[in-house]
Every structure is written in structure tokens, then in C-alpha cells.
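The values are calculated or read from the model by the stated rules, or taken from the named source; none is laboratory data. Computed from a predicted structure; not experimentally measured. Every residue, glycine among them, receives a Cβ derived from its backbone with ideal geometry; neighbour counts consider all protein chains shown.
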Amino acid sequence: MKSTPMTTGGRTDRRVTDALSKVPQVTLAFWVIKILATTLGETGGDALSMTLAVGYAVRTLIFLGVFIATLAPQVAAKRYHPFLYWAVVVATTTVGTTMSDYLDRTLALGYVKSSIMLFGGVLVVLFVWHRSTGRIEFEHITTRPNEIFYWVTILVSNTLGTALGDFVATTTGVGFERGALVFAGLLALVALAHFLTNIPKSMIFWSAYVLTRPLGATLGDTLTKSHAEGGLGLGRIASSLVIAAGIVAGVVLTSTWERRVITEPDRSA
């Protein structure tokens, strides 16, 4: 007769939950890949946008189609697929960029108004999520409603992050390099709050998630904008390929580590 595994402090139960979750574990590697993904969304999105002689509204529809095309198999999947997951994240950054530009420039709302509106949108989505499911998840996404709310929150937060990045880098005159330092500093404060305060972990996570988008956007602009605009003048396509290679390497390494952790025997039993 097969014995039932004993648990110590819920460790085995947590392993089962981790194995069923459709999103990666939130570790330092997760945030590194997230910043690379948002940077790729900026450089890659700009590279594609430059080849499309259409307005922001049409670009948004095109990238929204890409987002839906990557999201559909992610939602239909029964377990976490790392490359599929990160493809959806990159897609949210590209559509978030064009959506933000549409609000800021085509509708002429400006960065301040659009940021306030999008921040309200993030709060509304999180409020409805909590009211619908009883809690806001970010690491153990195992149900369809939680996954839908998860991706909607990411889409709106990435759009908000784009508006914030543009506001700090251009409207305030800080520039791209110093803008990246500003958002890196804010992320450091969020990290300190994670370790030193009792602020709910979900609030910490989503705050950091919003801030990684403008950090990635300002880093991407720092790489690709001309010297006259305050950038390094590197090519958008070349930069995107290098960043994409970094994402692939990070995903492979973290996926290998996560599989080893989940499958190794629980020696604490």
C-alpha cells in the first residue's frame, strides 16, 4: 500500500500548490526577467511600431491581437509553461505602450491625467478581484477567475507604468538614465517594505510590478534613443535580440531550478 507523504509545516502541501500554479515563483530571478521583459517590450515594440505607418489606435489593436493570441493558450494550459507565460508578459508591455501613447497623445490626456486614470483602473481591478474571489493572488494562480484577474491587472499596470515612465523621463526633464535610477530607487524602497514591514504581500507585489514597467521603459529608451535625446543610440533590433537572449537564458535556468525543487524528495518529513 502506497504511504501518504507526511508534511512538516505544510511544505509538501506548498509543493503541490506550486506544481499546480500557472505562474512562476516570485524570486529575485523573477524580477530580473520581468525587468528584461518590460525592456524588451519597449525596444521591440518601438522597433515594430516604426515599421507600421499607422496611428496609435491601430497599433494598439494590432498589439492587442498579439496579446490575445498569446493569452489564449496560456489560459487554456493546465500548468505553468515558462516561455508561454513570459511571451504573454512581453505582449502586455507592447500593448501597454501603445495604449498609453494613445491616451497621452491621440486623446491628448497627457501623462498626469492618464497616469491618474490608469492608477484608478488598477485599484478598481484589484477591488473587484478581491470582492469576487475573497483575496488577491499573485504567486499561486490555480483557478480560471484568478488567472483572468491576474492578466487584466498586469495589462493595466503595464499601461500605467508606461505613462509613469514617460512622465518622469520627459515631462519632469529628468531624462531616461536618471529616470531609470528614480524607479530603481523606488523599487528598492518597495523591497525594504517587503522585509521590514507588515504590508500585505499582494500590495508589495503589485506595487513592484507597476514600477518594473517604467524602469524597463526608461532602460529601453536609454539604450535606443539617440545621443541628442539622452540615449546611447544603440539599434532597437540589436538591443531587442540581446535582451531576448537574456530572457531565454534566465527562463531556462530558473525553470531547471524550480523543477528540481518541486521534484526532489522532502527530507524534512
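Listing for the model above:
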| item | result |
| --- | --- |
| Any hit, the stretch 241-253, residues being surrounded by fewer than 23 Cβ atoms within 10 Å (Cβ to Cβ), modelled with pLDDT of 85 or more, of a type in the set (Val, Ile, Thr) and touching a Pro at 6+ places or on another chain (Cβ under 7 Å) | yes |
| Only one of 163, 191, 208 that is assigned to a helix (DSSP H, G or I), under 22 Å from residue 108 (Cβ atoms), of a type in the set (A, V, I, L, M) and within 20 Å of the chain's Cα centre (by Cα) | 163 |
| Test: residue in the stretch 29-47 that is buried (at least 16 other Cβ atoms within 10 Å of the Cβ), outside any helix (DSSP H, G or I) and not hydrophobic (A, V, I, L, M, F, W, C) | no |
| Tally, over the stretch 183-200, of residues that are closer than 9 Å to residue 211 by Cβ and free of Cβ contacts under 8 Å to residues at least 24 places away in the same chain | 1 |
| In the stretch 128-160, the residues that are in contact (Cβ under 8 Å) with a residue 60 or more places away in the chain, of a type in the set (Val, Ile, Thr) and in a loop (DSSP other than H, G, I, E, B) | 136, 141, 142 |
| Number of positions in the stretch 67-112 that are surrounded by 19 or more Cβ atoms within 10 Å (Cβ to Cβ) and among the aliphatic types (A, V, I, L, M) | 9 |
| Pairs where the first residue, in the stretch 225-247, is at positive phi and the second is aromatic (Phe, Trp, Tyr), C-beta under 7 Å, 6+ apart | 230/176 |
| Selected residue (criterion: surrounded by the fewest Cβ atoms within 10 Å (Cβ to Cβ)) from residues of the stretch 188-235 that are of a type in the set (D, E, K, R) and closer than 22 Å to residue 174 by Cα | 229 |
